[in-house]
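Visitor: Here it is, the structure, as structure tokens.
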Amino acid sequence: MRFKALVADDEYMIRRGIISFLNRYEDFEVVAEAEDGEIALELAKENPVDVCFVDINMPFLNGLQFIEKLKEVQPKALVVIITGYDSFEYARTAIKMRVFEYLLKPVMEDNFHKMIERVRERLISERSEGKYLEWAQETLNQNKSYLASSFLQKALEGHFSAEEMWERFHYLGVEIPEDFVVTVVRFEYQKAADVKEEWTDDLIFFVAENMANEIFNQMDSLRSCQNDCGDLIVVSQQTAEQSGQLQKYLTLMKRLVFVKCTVIQKNGTGLEHLADVYHEAIAQVEEIMGTSSVIQEVREYVEQNYWREDFSLQEAADCVNLSMQYMSKLFRKEMGVTFVDYLTSVRIRKSIDLFQNEELKIYEIAERVGYATQHYFSTVFKKNLGVSPAEYRKRIEER
């Protein structure tokens, strides 16, 4: 029986010391470590853990805040607080939050060993007599909303038959109406100066999704998800008040979220037509939106800088005053390809033009389109065109 551990402490030596202690126990495995509370929480979402060793005083998200949020993603994980003597009263507060143990800095080997024995005993007890299965079922129930959203996205993309969709939605407690409406909300480009600093992409989507479910679904059944382009997709019941609901939603979005958006609704009947209706709605959004001025600006910037080996996504995002994450999402949404794939296509296109100059060596062409080595250029070239640069040049000569 093995137990998975997460270690979070902003002091590197303390963190390495605890990991070193844990490595001496064959039944404990350190699966994640973090230097602040925010990173620790993200790792806890990605890695199932049995016990977390958490420093109380961490930047961005302190130990107590982390414990509160940890309950939402890892409700059964034991928490061991790490604290200095000056934080002892703080630690006592943590004990009231169902923290299992606490360690005082500096962490001594004898105290650590006694603590591990108590942790091991509790973990073994919780896994015995069917409690582990009960924990797994509880975790599944708590994640049903996420599972439903993830499955809805795949269903809209056409990955399942009507029978498979009905069975899975029924299990997840999601009711898709026989006469349904697919609503697609696409958020338009906004420069950072136009949006209040606290309105991050995730927060905008969260508010937009909650308003949509409240207006279109009356919160009785959450049928919404986010597609790969960052669009909000909502499936709801066809009603006589449909146009009024849409107008109400648009008014609230304009008043509360401070970003422009395009909203398209398409009606359908029967699960077997869900994916078709979704793709019709997406096609209409694409037709309306076209390519925004910001993406056009990025494309022009690529044309001017593709030849530089150090040219990057970060630099392209900086040129239009957007975060790298948001620009990447926006580029893929509007262009249908990633920024890296687009940059590669430009470089390949430019190299094809250069091949008309018979005096240029292949390594010189590689350098002129942003590749440091001829080998890497040849690999990328063949992957995209199916022939190596040498074979391509030979075909040109033959023609």
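The values are calculated or read from the model by the stated rules, or taken from the named source; none is laboratory data. Note that the structure is predicted; figures quoted are calculated from it, not measured. Glycine gets a Cβ as well: all are built from the backbone with ideal geometry, and neighbour counts include every protein chain shown. Each accessible area value is taken on the protein alone, full model and side chains, heavy atoms only, with ligands, DNA and RNA left out. Shrake-Rupley method; radii C 1.70, N 1.55, O 1.52, S 1.80 Å.
Visitor: Go ahead and set up a Gaussian network model of the chain, Cα springs under 10 Å, then flag whichever of 171, 25, 102 fluctuates most.
Guide: 25
Visitor: Taking the highest mean first, how do the peptides 10-18, 303-311 order by number of other beta carbon atoms within 10 angstrom per residue?
Guide: 10-18, 303-311
Visitor: In addition: Calculate how many DSSP beta bridges within the chain are antiparallel, expressed in % of all such bridges and rounded to the nearest 5.
Guide: Here the share of antiparallel DSSP bridges comes out near 50 percent.
Visitor: Semi-axes, largest first, in whole Å: what does sqrt of 5 times each Cα gyration tensor eigenvalue give for segment 286-399?
Guide: Semi-axis lengths for segment 286-399 are 30, 15, 12 Å.
Visitor: In degrees between 0 and 90, to the nearest 10, how far off the longest principal axis of the chain does helix 389-398 point, with axes built from Cα atoms?
Guide: 10
Visitor: Could you give each residue of segment 20-28 its phi-based ³J(HN,Hα) in whole Hz, using Karplus coefficients 6.51, -1.76, 1.60 with θ = phi - 60°, and x for Gly or Pro?
Guide: Whole-Hz 3J(HN,Hα) from phi for segment 20-28: 4, 4, 5, 5, 7, 9, 5, 8, 10.
Visitor: Right, something else. Cut-off 17 Å, label point 7 angstrom out along Cα-to-Cβ of residue 398: give me the residues of segment 322-363 whose amide nitrogen falls inside.
Guide: No residue qualifies, since no backbone N sits under 17 Å from the label point.
Visitor: If you don't mind, there's one more thing I want to ask. Taking the square root of 5 times each eigenvalue of the Cα gyration tensor, what semi-axes in Å does the equivalent ellipsoid of the chain have, largest first?
Guide: 45, 35, 22
Visitor: In whole Å and largest first, what semi-axes does the C-alpha gyration tensor of segment 346-399 yield when each eigenvalue is scaled by 5 and square-rooted?
Guide: Square roots of five times the eigenvalues give 15, 13, 10 Å.
Visitor: On the protein heavy atoms, probe 1.4 angstrom, tell me the percent of accessible surface of the chain carried by carbon and sulfur.
Guide: C and S fraction of accessible area: 49 percent.
Visitor: Take every Cα-Cα distance within segment 1-88, group them into 10 Å bins from 0 onward, and report for each bin the whole-number percent of pairs it holds.
Guide: Binned Cα distances yield the sequence 19, 56, 25, 1.
Visitor: Sorted from largest down, what three extents in whole angstroms do the Cα atoms of segment 255-307 have along their principal axes?
Guide: 51, 33, 14
Visitor: Taking springs between alpha-carbon atoms closer than 10 angstrom, which of 312, 20, 345 fluctuates most in the Gaussian network model of the chain?
Guide: Result: 20 has the largest fluctuation of those listed.
Visitor: Excluding ligands, DNA and RNA, what is the solvent-accessible area per residue of the chain at a probe of 1.4 Å, expressed in Å²?
Guide: Dividing the accessible area of the chain by its residue count gives 55 Å².
Visitor: What value, in deg cm²/dmol to 500, does the helix sum -39500 (n - 2.57) over DSSP H runs of n ≥ 4 give at 222 nm once divided by the residues of the chain?
Guide: -17000 deg cm²/dmol
Visitor: For the Cα atoms of the chain, what angle does the longest principal axis make with the long axis of helix 339-354, in degrees from 0 to 90, nearest 10?
Guide: Result, in degrees: 30.
Visitor: How would you order 383-395, 313-325 from highest to lowest mean count of nearby Cβ atoms within 10 Å?
Guide: 313-325, 383-395
Visitor: Arranged from highest to lowest average of other beta-carbon atoms within 10 Å per residue, in what order do the peptides 147-153, 349-355 appear?
Guide: Packing order, densest peptide first, comes out as 147-153, 349-355.
Visitor: Follow-up. Over all alpha-carbon pairs in segment 216-273, figure out the percentage whose distance exceeds 20 Å.
Guide: So the pairs more than 20 Å apart make up 30 percent of the total in segment 216-273.
Visitor: Find how many whole Å separate the alpha carbon centroid of segment 279-350 from the alpha carbon centroid of segment 381-399.
Guide: Distance between centres, Cα-based: 27 Å.
Visitor: Computed over the Cα atoms of segment 209-363, what is the ratio Rg over Rh, Rh following Kirkwood?
Guide: Across segment 209-363, the Cα-based Rg/Rh ratio is 1.11.
Visitor: Sticking with this one: Does segment 9-48 come out rounded, prolate or oblate, given a ≥ b ≥ c as the square roots of the eigenvalues of its C-alpha gyration tensor, rounded meaning a/c under 1.5 and, failing that, prolate meaning a/b above b/c?
Guide: Because a/c hits 1.5 or more and a/b fails to exceed b/c, segment 9-48 counts as oblate.
Visitor: A follow-up question, please. Among the listed pairs 69/329; 154/329; 154/350; 266/350; 45/105, give every one whose C-alpha distance is greater than 30 Å.
Guide: Pairs exceeding 30 Å: 154/350; 266/350.
Visitor: Compute the long axis of helix 109-127 from its Cα atoms, compare it with the longest principal axis of the Cα atoms of the chain, and write down the angle in degrees, 0 to 90, nearest 10.
Guide: Computed tilt is about 80 degrees.
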